[in-house]
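Structure record follows, encoded as structure tokens.
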Amino acid sequence: MILETKNKTIKLVLKTRKIVDISNMLKNKNYEEAFTKAYAICDLDALTKMIYILAEDENGKNMFTSSEEVYDFLDDCRKENKMNFIDIYKKIAEELNSEGFFKSKMSKKELEEMISNPLSTINMNELMQKSTEKAMSKIAEEQFQGYKG
């Protein structure tokens, strides 16, 4: 995938090791979940870090030396190509999908539905854990109240 400005052309190279690096950077073992959440809330920090990791020149070397360079590139890309950050996320999502980096390949409609799903920003495991802890605490409290009499 190519992103261009008049001063710079970058190629976003998708490789498994880079996807793992991004998952670790986003502190989530589930890449699809992490990407979807970042896309849904238009997380600019995550977008910058993804582009920093994925961008290569023709020799396979990293195109950027700092996050500031990526921010400047994104600003130029937005202005010159009349894109917004969601457009950039969408291009990356389509490429990830076509290259098989999601659980299954999706149609454009399925990809749009996945990204627009409001539940995509909820960490279901964390929600379940908190609910379970709350329920267990309530059960324990009720049990101890029964022993007072």
- Select from the stretch 1-57 the residues that are closer than 16 Å to ASP87 by Cβ, in a strand (DSSP E or B) and touching a helix residue (DSSP H, G or I) at 6+ places or on another chain (Cβ under 9 Å) and list them in ascending order. LEU3, GLU4, ILE10, LEU12
- May I ask you to list the residues in the stretch 64-116 that are on the phi > 0 side of the Ramachandran plot and open to solvent by 70 Å² or more (accessible area, probe 1.4 Å)? LYS82
- Task: Specify the residue that is modelled with the lowest pLDDT; the eligible residues are those in the stretch 117-149 that are among the hydroxyl-bearing types (Ser, Thr, Tyr) and surrounded by 10 or more Cβ atoms within 10 Å (Cβ to Cβ).
- Result: THR121
- Query: Out of all the residues in the stretch 22-72, which are touching a residue at least 40 places away in the same chain (Cβ under 8 Å) and of a type in the set (Gly, Ala, Ser)?
  - Reply: ALA38, ALA40, ALA55, GLY60
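From the set of residues in the stretch 14-63 that are of a type in the set (S, T, N, Q), closer than 21 Å to SER98 by Cβ and surrounded by fewer than 17 Cβ atoms within 10 Å (Cβ to Cβ), which is farthest from the chain's Cα centre (by Cα)? Full working, then the answer.
First, pick out the residues of the stretch 14-63 that are of a type in the set (S, T, N, Q): 16, 23-24, 28, 30, 36, 48, 59, 62.
With closer than 21 Å to SER98 by Cβ added as a condition, the list becomes 16, 23, 30, 36.
Still in the list and also surrounded by fewer than 17 Cβ atoms within 10 Å (Cβ to Cβ): 16, 30.
Working: THR16: 15, ASN30: 10 Å.
Selected residue: THR16.
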- Task: Go through the stretch 11-34 residue by residue and tally those that are modelled with pLDDT of 90 or more and among the hydrophobic types (A, V, I, L, M, F, W, C).
- Result: 6
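The values are calculated or read from the model by the stated rules, or taken from the named source; none is laboratory data. Only a predicted model underlies this, so the values are computations on that prediction, with no experimental measurement involved. Note that each Cβ is placed from the backbone with ideal geometry, even for glycine, and that neighbours are counted across all protein chains shown. Protein only, heavy atoms only, side chains kept; ligands, DNA and RNA dropped before computing areas. Shrake-Rupley method; radii C 1.70, N 1.55, O 1.52, S 1.80 Å.
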